[in-house]
Amino acid sequence: MMYNNALAGYEKAHGPEHMSTLDTVHNLGILYHKQGRYKDSEMMYNRALAGYEKALGAEHTCSSPSTTWVSSTVTKAISKMQR
């Protein structure tokens with residue numbers, strides 16, 4: 001809930017593509033991942049990744065963490081579905 005409130009505040013103050021907003025989106029993805037909410041997590045990581053890539057380019061180091069988390073989330077979700 002706290003990250004959702006922070007995200008709403010950053011989006012209102014800075015817009016959806018500001019780095020602070022994208023960092024909060026990424027952090028919300030981490031939280032959802034740790035809670036096992038893989039679909040929500042993947043959505044947040046993809047949103048953060050798209051924003052980072054648009055703002056900084058696909059090769060920038062800030063884009064890499066979201067790429068890694070997306071891969072991990074998808075792998076865990078597939079594994080969970082196969083059980």
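Each residue, Ala13 and Asp40, gets one label point 7 Å from its Cα in the Cβ direction; the gap between the two is 2.3 nm.
What is the calculated FRET efficiency for Met2 to Ala50, with r their C-beta to C-beta distance and R₀ = 25 Å, to the nearest 0.05? Approximately 0.60, to the nearest 0.05. Each other residue within a Cβ distance under 14 Å of Leu7 adds +1 if Lys or Arg and -1 if Asp or Glu, for a net charge of -2.
Any read-out appearing in this document is the output of simple, stated calculations on the displayed coordinates, not a laboratory observation. Model, not experiment: these values are computed from the prediction. We place every Cβ from the backbone using ideal geometry, glycine too, and count neighbours over all the protein chains shown.
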